[in-house]
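Have a look at the structure below, then the notes.
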Amino acid sequence: MNTSCELESYVWPRGDCSLPEHGKFASQQDVPTIDLAGGSKAKVDEIGRACRQSGFFQVVNHGVDHELVNQVHASARQFFEFPSDTKLRAARSAGNSFGFAGKFAGRFKSKCPWKETFSLQYTPNSNIKDYMIKVYTAEQHEQHCALYETYCKAMEKLGRELIELIAQSLELAPDALHSYFDDGFSIFRMNMYPPSEHFSRLLGTGPHTDPCALTILHQDEVGGLQVYNRDETWVTVEPRADAFVISIGDTFQALCNHRYKSAKHRAVIHATRARHSLVFFINPGLDTVIRPIPELVVKSKEDEEQDRERPCVEFNWGQLLEFTQKHYRTDVHTLDAFESYLRKTSQAA
């Protein structure tokens, strides 16, 4: 993190930085913990309830090797400890979502996120090696490439299981959503939030929803992930080494015709300890058409009234990705802003 730049670029209004009571974690109602080894019907019911109420839940007994998670965290820490000029060899170019980013004041002029990120594309033709070779020696990059590939495959497998369970919670067939993700364009991101004595004036990530379909996150023991609950207050998600945090994104909200809402969240920083997290964003292919699934469009008069109030615009996932990288700063209104943007551009064409 380049801390020499103007601190004011990173300062948020005090209302935005209001912190929940120290040591108070989200309740089971706010962010339920779901055992994926439990009975199928129970899992489906629990996931559906969580998606309707907050869009957030944690999963345990998920089948991902705990040692693999530890190794990826260790690798990420090693990367962020490199000198700035080393990390900048893999710098993210303007309008691109992959590579290293450590000075967000270049893109944003105010309320900048207090963090560093290293993002990698994960597709059938992923370019993980292309970024690793810029930073590590030949022997090192092969080791780290293999580690990240293994982790991404584990996330893809877990994501597929979760998508099947979510489909069932919507009374769809388990494989009803497979075609949207067969050529997925997913993103693996490592985050590092430096400590700061000004922690009460800064945010690691401001309030937002994720543009993706589904997010799988693992946070270290420092914690700092917060969700906005139904009482309209921020609550902290308790960090658990054995759990992944799952959240619904804007793309899934559009797919399910707003049956489930993308989850509003943010990340706070610590006064004396760096915080790390591993995030896997599950997305459709760039050219995949996103429109409400027909079975979910209208099922009752109540649904019909709701759908009339919030029409969905058909789009490709690549359009939304480009919108968030080049035209709009992701926040809690991203999907609405994107749909408005599409309407205006189509009218101008």
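The values are calculated or read from the model by the stated rules, or taken from the named source; none is laboratory data. Since the model is a prediction, treat every value here as computed from it, not as a measurement. Cβ placement follows ideal geometry from the backbone for every residue including glycine, while neighbour counts extend to all protein chains displayed.
Is it the case that some residue within segment 35-45 is under 28 Å from LEU120 (Cα atoms) and either free of Cβ contacts under 8 Å to residues at least 60 places away in the same chain or of a type in the set (A, V, I, L, M) (or both)?
Of the residues in segment 35-45, the ones under 28 Å from LEU120 (Cα atoms) are 36.
Subsequent filtering for residues that are either free of Cβ contacts under 8 Å to residues at least 60 places away in the same chain or of a type in the set (A, V, I, L, M) (or both) retains 36.
There is at least one residue in segment 35-45 that is under 28 Å from LEU120 (Cα atoms) and either free of Cβ contacts under 8 Å to residues at least 60 places away in the same chain or of a type in the set (A, V, I, L, M) (or both).
Condition check ((1) free of Cβ contacts under 8 Å to residues at least 60 places away in the same chain; (2) touching an Asp or Glu at 6+ places or on another chain (Cβ under 9 Å); (3) of a type in the set (S, T, N, Q)) across all residues:
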position: HIS141; (1), (2), (3): yes, no, no
position: ALA154; (1), (2), (3): no, yes, no
position: LYS157; (1), (2), (3): no, no, no
position: HIS178; (1), (2), (3): yes, yes, no
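One residue is enough: does segment 196-207 have a residue meeting the conditions at pLDDT below 95 and within 24 Å of ALA90 (Cα to Cα)?
First, the residues of segment 196-207 that are at pLDDT below 95: 196-207.
From what's left, within 24 Å of ALA90 (Cα to Cα): 204-205.
Checked segment 196-207: at least one residue is at pLDDT below 95 and within 24 Å of ALA90 (Cα to Cα).
Listed residues THR233, THR251; which is surrounded by fewer than 20 Cβ atoms within 10 Å (Cβ to Cβ) and either in contact with a helix residue (DSSP H, G or I) (Cβ under 6 Å, 6 or more places away or on another chain) or farther than 25 Å from GLY38 by Cβ (or both)?
The conditions single out THR233.
If you go through segment 160-195 one residue at a time, how many are modelled with pLDDT of 95 or more, touching a strand residue (DSSP E or B) at 6+ places or on another chain (Cβ under 9 Å) and under 17 Å from ILE290 (Cβ atoms)?
So the count comes out to 2.
Would you be able to say whether some residue in segment 67-88 is aliphatic (A, V, I, L, M), touching a Phe, Trp or Tyr at 6+ places or on another chain (Cβ under 7 Å), within 26 Å of TRP234 (Cα to Cα) and modelled with pLDDT of 90 or more?
No: zero hits.
Under 6 Å between Cβ atoms, which residue pairs at least 6 apart in sequence (or on different chains) link something in segment 306-323 that is at pLDDT 90 or above with a partner that is surrounded by 16 or more Cβ atoms within 10 Å (Cβ to Cβ) and of a type in the set (Phe, Trp, Tyr)?
Correct list of pairs: LEU320/PHE338; PHE323/PHE338.
What number of residues in segment 197-239 are of a type in the set (Ser, Thr, Tyr), farther than 26 Å from ALA74 by Cβ and assigned to a strand (DSSP E or B)?
Initial filter on segment 197-239 (of a type in the set (Ser, Thr, Tyr)): 200, 205, 209, 215, 228, 233, 236.
Going one step further and asking which of them are farther than 26 Å from ALA74 by Cβ, we end up with 200, 209, 228, 233.
Restricting the remaining residues to those that are assigned to a strand (DSSP E or B) gives 228.
Count: 1.
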